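Please read the structure below before turning to the comments.
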Amino acid sequence: MRVDAALIGHELGAIPAEARRLEGLGFDGVFTFEGPHEPFFPLLLAAEHTERVELTTAIAIAFARTPMTLANVAWDLQQMSHGRFVLGLGTQIRPHIEKRFSMPWSQPAARMRELVLALRAIFDRWQHGTPLDFRGEFYTHTLMTPMFDPGPCEQGPPRVVLAGVGPRMTEVAGEVADGFMVHPFTTTRYLEATTRPALARGHANATVARAFEIALPAMTAIGDDEETIDRALDGFRYRLAFYGSTPAYRPVLDAHGWGELQPELNRLSKLGDWTTMVTLIDDEMLAEFVTVGSLDTIADALHARYGGLVDRVAFDVPTDADPDRVRAAIDAMHR
């Protein structure tokens, strides 16, 4: 099992040192996400200051951009990193796309499928000179003059992976993508009953056979004493309350018979009553979502929970952790 780490830094100037540190600890990949900062600039710096780790956006918001703008930045990062870039895409939810980004929203699964196919058509033009003639319901790309063609990439086009929760988007990933990023708000029951069967249906519809990886940013409470672990678990109660308030994520709760909690969490979130929301996340729910252990035991705990279900995991390492113990944990995950 391969192991990734979040590349987090509010200051771009801190990214090179952090990327080197994570690579030195033995992580196989680092990833950024689109929150208060955009996800591509940190990976450009990481590409310059690392040699081995994969560099993934997990995720960049697809519908905030066009296939051509995504293709341009992905191509440049693929070349800069000598083939280590992975374009990870997700949809976000409708209010953000329409009200924050002022972009169109409709039929998200169908739109994402077409966006990935458009990306591949653009990549094929740049890599092989194939005439660009993509005509879809949502995107049309038929013009590529030599002035705007970056030419082939020595390492080939970047991999494209998708994130999702519901079965329709998961099927799309299985059909057209090179991998799937499981949302942190998931459980082994949901993985087994919904995610993996949906990916299999997508694979069955694929017209091109591709190597495919399933990645999971696991929620982990790591510590050597009960107080440290309890403090971490309290933080996850907040995250679970936040995720659980989102209507699109209700199927995960439904898998455990907790579906009626979602509208209540949503109602409380609109009131800003986060204190009450957190109290609704009980110990049983925490145990389904969060893997607990020390740095010496977390690899066994993650393997016991996710072995055979995912190909790579990411987990949160305490900032003050002993580097040798972190390396040992990663080595154990690899074994």
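Some points to look at:
- Residue pairs whose Cβ atoms lie under 6 Å apart, separated by 6 or more positions or on different chains, with the first residue in the range 312-335 and under 20 Å from residue 55 (Cβ atoms) and the second among the polar types (S, T, N, Q) and surrounded by 17 or more Cβ atoms within 10 Å (Cβ to Cβ), are 315/220; 316/220.
- Filter pass, residue 71 being among the hydrophobic types (A, V, I, L, M, F, W, C), part of a helix (DSSP H, G or I), surrounded by fewer than 17 Cβ atoms within 10 Å (Cβ to Cβ) and out of contact with any strand residue (DSSP E or B) (no Cβ under 6 Å at 6 or more places or on another chain): no
- Qualifying residue in the range 84-106 (condition: among the aliphatic types (A, V, I, L, M), surrounded by fewer than 21 Cβ atoms within 10 Å (Cβ to Cβ) and in a loop (DSSP other than H, G, I, E, B)): yes
- Residue within the range 195-216 that is surrounded by fewer than 18 Cβ atoms within 10 Å (Cβ to Cβ) and hydroxyl-bearing (Ser, Thr, Tyr) present: yes
- Pick from the range 9-39, criterion over 14 Å from the mean Cα position of the chain (by Cα) and under 21 Å from residue 91 (Cα atoms), ranking: surrounded by the fewest Cβ atoms within 10 Å (Cβ to Cβ): 36
- Applying the set (1) at pLDDT 95 or above; (2) not in a helix (DSSP H, G or I) to residue 189 leaves exactly one unmet item: (2).
- Hits in the range 81-98 - residues which are modelled with pLDDT of 95 or more and in contact with a strand residue (DSSP E or B) (Cβ under 7 Å, 6 or more places away or on another chain): 81, 84, 85, 86, 87, 88, 89, 90
- Residue 260 being in contact with a His (Cβ under 8 Å, 6 or more places away or on another chain) and in the same structural domain as residue 241 (by TED's automatic domain parsing): no
- Index of the failed condition, residue 295 passing every other in (1) surrounded by 20 or more Cβ atoms within 10 Å (Cβ to Cβ); (2) without any contact (Cβ under 8 Å) to a residue 24 or more places away in the chain; (3) among the hydrophobic types (A, V, I, L, M, F, W, C): (2)
- Close pairs (9 angstrom Cβ cut-off, 6 or more residues apart or separate chains): closer than 28 Å to residue 147 by Cβ in the range 104-126, at pLDDT below 95 anywhere: 120/208
- Some residue of the range 166-189 being assigned by TED's automatic domain parsing to the domain that holds residue 32, farther than 30 Å from residue 156 by Cβ and in contact with a His (Cβ under 8 Å, 6 or more places away or on another chain): yes
- Positions within the range 226-257 being in contact with a His (Cβ under 8 Å, 6 or more places away or on another chain) and loosely packed, with under 14 Cβ neighbours inside 10 Å, in sequence order: none
- Pairs with Cβ under 9 Å, 6+ apart, first in the range 28-47 and in the same structural domain as residue 93 (by TED's automatic domain parsing) and of a type in the set (Gly, Ala, Ser), second surrounded by fewer than 19 Cβ atoms within 10 Å (Cβ to Cβ) and outside any helix (DSSP H, G or I): 29/2; 47/82
- Hits in the range 246-281 - residues which are modelled with pLDDT of 95 or more, in a loop (DSSP other than H, G, I, E, B) and on the phi < 0 side of the Ramachandran plot: 255, 256, 258, 259, 260, 273, 280, 281
- Residue 54 over 17 Å from residue 162 (Cβ atoms), modelled with pLDDT of 95 or more and either of a type in the set (D, E, K, R) or touching a strand residue (DSSP E or B) at 6+ places or on another chain (Cβ under 7 Å) (or both): no
- Matching residues, the range 297-321, being at pLDDT 95 or above, assigned to a loop (DSSP other than H, G, I, E, B) and more than 19 Å from the chain's Cα centre (by Cα): 297
The values are calculated or read from the model by the stated rules, or taken from the named source; none is laboratory data. No experiment lies behind these values; they were computed from the predicted model shown. With ideal geometry, Cβ positions are generated from the backbone for all residues, glycine too; neighbour counts draw on all protein chains shown.
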